[in-house]
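**Student:** Got a structure here, written out as structure tokens. Questions coming.
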Amino acid sequence: MCETGPRSICQSIYLPSRLYQVGRIMENVYIRHLDGAEQFQVSFQLRDETLGLDRQFNFSRQLSEKVNDFLGRVTTNVERTLNKKKKKKKKNPEEQTEDGTNINVTLLQGGNPVSGDQECKDVIFSKDNRLSLKILNTEFSIVVNAPWVNLLTLPSSIMAGFPVYPLKFETMFAQKSECNFIWYKNSDAQKSKNILINWTEVGHGYYYTPSASDIGCHLKLMCAPRNGDKVGPSSDVISAYPVEAGPGFCPFDLRHAFTTDRLNGKRIRVVTYNILADLYADSDVARKELYPYCPPYALSIDYRKQLILKEILGYNGDIICLQEVDSKVFDNDLLPTLSSIGYNGIFNKKGGTVSEGLACLFHESRFRLVASHAIHLGEELKTNPLFSHIWDKVKVNEALATRISERTTCSQFVILDSVDNPSERVIVANTHQYFHPDADHIRLLQSGMTVIYLEHLVAENMALAKEKRVSYIFCGDFNSTPDWGVYRFITTQHIPEDCIDWSSNKEEEVKGVSLSHSLQFSSACGTPEFTNYTVGFSGCLDYIFYQNNQLEVSQVVPLPSTEELQQHIALPSIVFPSDHIALVADLAWI
């Protein structure tokens with residue numbers, strides 16, 4: 001299915017079986033040195049058709065090394081390569097090689113040879129940048145600390161219809177956001193070495209979504225690193241495996257029909273989504289007990305993150321609140337990909353050693369970050385004066401105090417100013433509350449603490465930014481259905497001492513605690529039948545609560561039907577990357 005078109009390039013490359021290393025196009029000698037380091041790195045590409053030489057050289061040297069020693073190392077490296085090609089041992093550097101080639105290496109400054117007694121640090125890193133290195137018959141300009149790609153890799157799993165982007169991307173002296181990316185495809189990338197391969201350009205940008213015509217093709221990504229007006233040597237990498245067919249239609253594709261355009265003006269699109277952390281999906285318990293109906297490959301994060309990103313990208317959200325976000329997924333997948341199209345984001349890890357947490361992303365064309373806060377509820381309960389009235393009642397029950405203080409639950413708060421409406425400020429709260437079936441009392445306390453802290457931030461911002469109208473949104477996975485106290489507390493502003501939730505665990509019963517707040521909340525998506533759908537449980541656990549006297553709902557993106565949820569028994573599945581369903585609502589300032 002892979003076809004080539006009129007826009008193509010030809011390149012001679014070496015493709016050993018299953019080994020696809022980063023290639024680099026270099027016309028200069030590139031030298032790199034980090035502040036404080038005792039060594040510097042040298043890279044150059046030496047080509048000589050008469051000698052059959054086309055080789056990239058990379059090595060490190062000491063700053064204090066004499067120029068003569070540095071040139072001797074360059075000579076030795078080149079000579080070894082030539083002798084290896086001739087299958088002969090290296091001769092004395094001052095002597096000619098067996099084929100009669102004299103290895104001349106000279107460091108020039110302004111066209112004149114540099115004294116070999118000087119130290120490299122005093123010559124190479126001086127203010128005089130007219131340095132060049134002559135090797136054999138080629139004279140290279142020396143470029144110091146140019147933008148540089150250290151690492152560029154592609155994932156092993158690439159599916160048609162789903163975004164592909166660098167699996168790893170590391171640079172030096174470059175601004176990642178300024179780097180240029182070009183994508184190519186070819187169906188012949190498995191051919192043996194020294195074959196001219198015709199690559200067809202298919203896309204630009206940090207990520208590319210392969211089409212059905214790319215199935216069976218290998219992809220190549222070329223990156224030109226940049227930092228302002230400085231451009232470094234381009235690097236490229238070829239996928240180890242060809243593009244495969246994806247799972248086909250996913251139910252979220254239908255939902256994308258309601259979110260084809262980005263919003264502007266007074267309307268904002270809010271997304272909340274528990275994306276199922278790899279920490280919980282990639283385990284024997286998950287495969288054998290929680291989700292035995294889901295093929296193991298579809299539980300793999302390498303598969304699921306392709307679906308997650310396609311789904312999130314298609315919602316065109318202005319504010320995106322995510323729960324169960326693996327640290328590595330945020331750093332390597334979500335933030336790099338979403339930032340390439342204008343998003344910024346905040347990640348806050350849960351307490352303890354847990355490697356997942358909360359993420360709030362926002363599109364910088366719509367919002368400017370003012371500040372962000374995160375509180376680990378178990379720790380803050382004991383130390384923050386805002387919660388002292390709760391802690392005084394909780395600590396009298398040792399079992400209760402231990403259980404809630406040992407929870408790693410975190411709540412996140414992101415304060416944003418509207419770009420379109422400069423007088424509007426919105427505070428976004430994001431949470432993922434304790435899951436255990438007997439912990440309604442813990443969830444109610446956690447909700448109470450989060451609302452109290454949000455209430456505090458609202459009052460603080462109203463006092464400090466009097467020119468702003470402050471609104472608030474509260475998103476998350478509350479692990480609580482609408483008939484329990486959490487929903488009642490948030491939407492009615494009060495929960496009494498005799499609420500049944502307080503005694504969900506008799507040994508940890510909460511006594512003498514009532515909660516109240518002044519915030520005015522409604523649920524943007526109402527109370528759908530399902531936001532979580534597994535074999536063991538299904539129900540509404542996720543909400544987008546919004547300030548109902550300053551914001552109104554202009555659209556709710558319909559949720560998947562029961563038939564769609566049951567198509568592969570339950571969630572997650574080959575077409576649903578999480579056991580939760582994303583909630584998407586368009587709000588508007590009144």
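The values are calculated or read from the model by the stated rules, or taken from the named source; none is laboratory data. Remember, predicted model here, so these are calculated numbers, not experimental data. Using ideal geometry, Cβ is built from the backbone for each residue, glycine included, and neighbour counts are taken over all protein chains shown.
The rows are residues; the columns are (1) polar (S, T, N, Q); (2) farther than 19 Å from A439 by Cβ; (3) part of a strand (DSSP E or B).
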site: K466; (1), (2), (3): no, yes, no
site: I473; (1), (2), (3): no, yes, yes
site: S480; (1), (2), (3): yes, no, no
site: L519; (1), (2), (3): no, yes, no
site: C525; (1), (2), (3): no, yes, no
site: G536; (1), (2), (3): no, no, no
site: V553; (1), (2), (3): no, yes, yes
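**Student:** Those residues that are assigned to a loop (DSSP other than H, G, I, E, B) and closer than 28 Å to G265 by Cβ, I need them from the range 408-464; list them, please. Walk me through how you get there before you give the answer.
**Tutor:** Filtering the range 408-464 down to residues assigned to a loop (DSSP other than H, G, I, E, B) leaves 408-409, 419-423, 433-439.
V419, D420, N421, P422, S423 - these are the residues of the range 408-464 that are assigned to a loop (DSSP other than H, G, I, E, B) and closer than 28 Å to G265 by Cβ.
**Student:** Would a scan of the range 343-353 turn up a residue that is within 25 Å of Y453 (Cα to Cα), in contact with a helix residue (DSSP H, G or I) (Cβ under 9 Å, 6 or more places away or on another chain), in contact (Cβ under 8 Å) with a residue 60 or more places away in the chain and not assigned by TED's automatic domain parsing to the domain that holds V164?
**Tutor:** Within the range 343-353, one or more residues are within 25 Å of Y453 (Cα to Cα), in contact with a helix residue (DSSP H, G or I) (Cβ under 9 Å, 6 or more places away or on another chain), in contact (Cβ under 8 Å) with a residue 60 or more places away in the chain and not assigned by TED's automatic domain parsing to the domain that holds V164.
**Student:** Looking at (1) of a type in the set (A, V, I, L, M); (2) at pLDDT below 95; (3) assigned to a loop (DSSP other than H, G, I, E, B), which one does A37 not meet, given that it meets all the others?
**Tutor:** Here A37 clears every test but (2).
**Student:** For the range 359-374, enumerate the residues that are more than 15 Å from C321 (Cα to Cα) and either touching a helix residue (DSSP H, G or I) at 6+ places or on another chain (Cβ under 6 Å) or among the hydroxyl-bearing types (S, T, Y) (or both).
**Tutor:** Result: S365, single match.
**Student:** Considering E201, E178, which residue is on the phi < 0 side of the Ramachandran plot, touching a residue at least 60 places away in the same chain (Cβ under 8 Å) and not hydroxyl-bearing (S, T, Y)? Explain how you work it out, then say what you get.
**Tutor:** Values: E178 fails: touching a residue at least 60 places away in the same chain (Cβ under 8 Å).
That would be E201, the only listed residue that is on the phi < 0 side of the Ramachandran plot, touching a residue at least 60 places away in the same chain (Cβ under 8 Å) and not hydroxyl-bearing (S, T, Y).
**Student:** Find the residue count for the range 99-117, including only residues that are crowded, with 17+ Cβ neighbours inside 10 Å, in a loop (DSSP other than H, G, I, E, B) and modelled with pLDDT of 90 or more.
**Tutor:** 1
**Student:** Could you list, in sequence order, the residues of the range 283-305 that are of a type outside the set (K, R) and surrounded by fewer than 16 Cβ atoms within 10 Å (Cβ to Cβ)?
**Tutor:** Taking the range 283-305 first, the residues of a type outside the set (K, R) are 283-286, 289-303.
Correct list: S283, D284, V285, E289, P292, Y293, P295, P296, Y297, S300, D302.
**Student:** Taking the stated definitions as given, is E529 surrounded by fewer than 17 Cβ atoms within 10 Å (Cβ to Cβ) and either at pLDDT below 95 or in a helix (DSSP H, G or I) (or both)?
**Tutor:** On the way: surrounded by fewer than 17 Cβ atoms within 10 Å (Cβ to Cβ): yes; either at pLDDT below 95 or in a helix (DSSP H, G or I) (or both): no.
Here the answer is no, as E529 does not meet what is asked.
**Student:** Every residue in the range 114-133 that is under 16 Å from A37 (Cβ atoms) and under 40 Å from the mean Cα position of the chain (by Cα), please.
**Tutor:** C120, K121, I124, F125
**Student:** Limited to the range 40-64, what total is found for residues that are part of a strand (DSSP E or B), more than 17 Å from Y30 (Cα to Cα) and aliphatic (A, V, I, L, M)?
**Tutor:** Total satisfying the criteria: 1.
**Student:** Specify which of the listed residues (P210, P247) is part of a loop (DSSP other than H, G, I, E, B) and in contact (Cβ under 8 Å) with a residue 60 or more places away in the chain.
**Tutor:** Values: P210 fails: in contact (Cβ under 8 Å) with a residue 60 or more places away in the chain.
The unique qualifying residue is P247.
**Student:** I've got another one for you. Take V575 and tell me if it is assigned to a strand (DSSP E or B), closer than 28 Å to D302 by Cα and either under 30 Å from the mean Cα position of the chain (by Cα) or assigned by TED's automatic domain parsing to the domain that holds P437 (or both).
**Tutor:** Working: assigned to a strand (DSSP E or B): no; closer than 28 Å to D302 by Cα: yes; either under 30 Å from the mean Cα position of the chain (by Cα) or assigned by TED's automatic domain parsing to the domain that holds P437 (or both): yes.
So V575 fails the test.
**Student:** For the range 524-562, name all the residues that are under 28 Å from the mean Cα position of the chain (by Cα) and not hydrophobic (A, V, I, L, M, F, W, C).
**Tutor:** Answer for the range 524-562, where residues must be under 28 Å from the mean Cα position of the chain (by Cα) and not hydrophobic (A, V, I, L, M, F, W, C): T531, N532, Y533, T534, D542, Y543, Y546, P558, P560.
**Student:** Another question about this same structure. Among V325, V370, V396, V329, which is of a type in the set (A, V, I, L, M) and either in a loop (DSSP other than H, G, I, E, B) or not assigned by TED's automatic domain parsing to the domain that holds N532 (or both)? Reasoning before the result, please.
**Tutor:** Details: V325 fails: either in a loop (DSSP other than H, G, I, E, B) or not assigned by TED's automatic domain parsing to the domain that holds N532 (or both); V370 fails: either in a loop (DSSP other than H, G, I, E, B) or not assigned by TED's automatic domain parsing to the domain that holds N532 (or both); V329 fails: either in a loop (DSSP other than H, G, I, E, B) or not assigned by TED's automatic domain parsing to the domain that holds N532 (or both).
Of the residues listed, the single one that is of a type in the set (A, V, I, L, M) and either in a loop (DSSP other than H, G, I, E, B) or not assigned by TED's automatic domain parsing to the domain that holds N532 (or both) is V396.
**Student:** Take the residues in the range 406-431 that are crowded, with 17+ Cβ neighbours inside 10 Å and among the polar types (S, T, N, Q), then tell me which one is nearest to M449 (Cα to Cα).
**Tutor:** Looking at residues that are crowded, with 17+ Cβ neighbours inside 10 Å and among the polar types (S, T, N, Q), I get S411.
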